[in-house]
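Structure, as structure tokens:
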Amino acid sequence: MDYTYLYSTRIQKNFDEDQAEILSMFADKFEKEPKFAIQLINYYKGMPVSFKARVAGVEKGSLDLDVNPQQAVTIDAERYTFIRSNLFKYDIMAQAQYINIRRRAVLLRKMCYVEIIAERRSHIRLEMESSIDAIFNSPAGIVKGKIVELSMGGAVMEVIEAGNAVLDDQANLLMMVSDAGQSAKYNIAVPAMLVSILDDVRPVRFIFSITTDKISDRLIAKHLFNRQVEIIRELKDASGLR
């Protein structure tokens with residue numbers, strides 16, 4: 001999975017020197033305070049997952065951690081994690097070399113300073129388990145597709161045919177969402193603006209900002225709540241906590 005859109009690098013000297021500095025600071029702290037805690041952050045299907053981890057060792061260019069089993073599941077799926085510690089001015093992105101969910105063990109390498117861009121978002125944008133049929137009534141013509149990511153303020157739609165839609169097009173985005181118990185489905189139409197077109201991927205993706213009224217706000221919130229419950233259940237099942 002491409003997770004590079006989640007962060008922006010903050011190189012201080014160069015990659016190698018920054019990594020050496022990071023590991024040196026971890027090693028010094030570990031020598032004084034074995035098993036000290038750091039915070040790990042991942043975005044699993046769009047949902048932030050963050051637990052404390054204990055440093056179990058620093059050697060040979062790697063960081064050995066004892067982690068929460070749910071965090072281990074997310075790292076195993078994404079092969080990266082962000083580290084937050086008051087030892088550093090910036091957060092750190094690290095790639096996972098080894099993960100053992102049962103033993104709650106993770107070995108990290110290739111570390112660099114970053115800013116987590118995903119934290120700037122006003123709303124959590126979740127990946128949908130079942131894509132949602134949608135229609136964008138573009139001024140240039142109707143565009144059909146499926147909503148694959150959704151938040152209270154935006155949506156990502158994989159389009160069947162991009163047509164002649166262009167950036168800043170504004171029109172209604174029609175889609176169907178379920179309630180919190182998935183016992184009913186509702187068609188809603190929300191004003192949307194096309195803010196980005198990702199045409200370097202297939203299928204092409206349209207990214208919208210959306211504006212909700214009282215009714216659509218409540219229905220989307222229920223749908224997203226239900227999706228979060230599903231993701232949490234999935235993490236617990238995969239980590240053996242159920």
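The values are calculated or read from the model by the stated rules, or taken from the named source; none is laboratory data. None of these values were measured; they are calculated from a predicted model. Neighbour counts run over all protein chains shown; Cβ positions are idealised from the backbone, glycine included.
Taking (1) surrounded by fewer than 18 Cβ atoms within 10 Å (Cβ to Cβ); (2) modelled with pLDDT under 95 in turn, L6 satisfies each apart from (1). For F88, are the conditions met, namely being among the aromatic types (F, W, Y) and either farther than 27 Å from F225 by Cα or at pLDDT below 95 (or both)? Yes, satisfied. Taking the criterion of being charged (D, E, K, R) and either touching a Pro at 6+ places or on another chain (Cβ under 7 Å) or under 22 Å from G240 (Cβ atoms) (or both), the residues of region 93-111 that qualify are R102, R103, R104.
Checking region 208-215 against the condition returns a match, with at least one residue being in contact with a helix residue (DSSP H, G or I) (Cβ under 7 Å, 6 or more places away or on another chain), in contact (Cβ under 8 Å) with a residue 60 or more places away in the chain and not assigned by TED's automatic domain parsing to the domain that holds Q71. So, V73, is that one assigned by TED's automatic domain parsing to the domain that holds F36 and under 19 Å from the mean Cα position of the chain (by Cα) or not? Here the answer is yes, as V73 does meet what is asked. Considering region 108-126, the residues that are at pLDDT 95 or above and surrounded by fewer than 17 Cβ atoms within 10 Å (Cβ to Cβ) include one that is nearest to N68 (Cα to Cα), namely R109.
When the strands (runs of 3 or more DSSP E) confined to region 61-128 are screened for residues that are among the basic types (K, R), those reaching at least 1 such residues are found at 80-84, 105-116.
Residue selection: I220 fails the criterion of being assigned to a helix (DSSP H, G or I), of a type outside the set (F, W, Y) and within 20 Å of Y5 (Cβ to Cβ). Pairs linking a residue in region 1-21 that is under 17 Å from R84 (Cβ atoms) to a residue that is modelled with pLDDT of 95 or more and in a loop (DSSP other than H, G, I, E, B), with Cβ atoms under 7 Å and 6 or more positions apart or on different chains, are R10/Y90; D18/I11; D18/Q12.
When region 149-164 is filtered for residues that are among the aliphatic types (A, V, I, L, M) and either surrounded by fewer than 18 Cβ atoms within 10 Å (Cβ to Cβ) or in a loop (DSSP other than H, G, I, E, B) (or both), the ones remaining, listed by number, are M152, I160, A162. Residues in region 165-193 that are surrounded by fewer than 14 Cβ atoms within 10 Å (Cβ to Cβ) and in contact with a Leu (Cβ under 7 Å, 6 or more places away or on another chain): L167, D168, N187. Screening G57, G61 for residues that are modelled with pLDDT under 95, not aromatic (F, W, Y) and not assigned by TED's automatic domain parsing to the domain that holds E230 leaves exactly one candidate, G61. All of Q71, Q39 fail the test of being of a type outside the set (K, R), closer than 26 Å to R233 by Cα, free of Cβ contacts under 8 Å to residues at least 40 places away in the same chain and surrounded by 14 or more Cβ atoms within 10 Å (Cβ to Cβ), apart from Q71.
Scanning region 1-39 for residues that are part of a loop (DSSP other than H, G, I, E, B) and among the hydrophobic types (A, V, I, L, M, F, W, C) yields M1, I11, F36. Residue by residue through region 213-225, note down the ones that are within 16 Å of I147 (Cα to Cα) and surrounded by fewer than 17 Cβ atoms within 10 Å (Cβ to Cβ). Within region 213-225, A221 is the sole residue that qualifies.
Scanning region 158-206 for residues that are among the acidic types (D, E), more than 14 Å from G141 (Cα to Cα) and at pLDDT below 90 yields D179, D199, D200.
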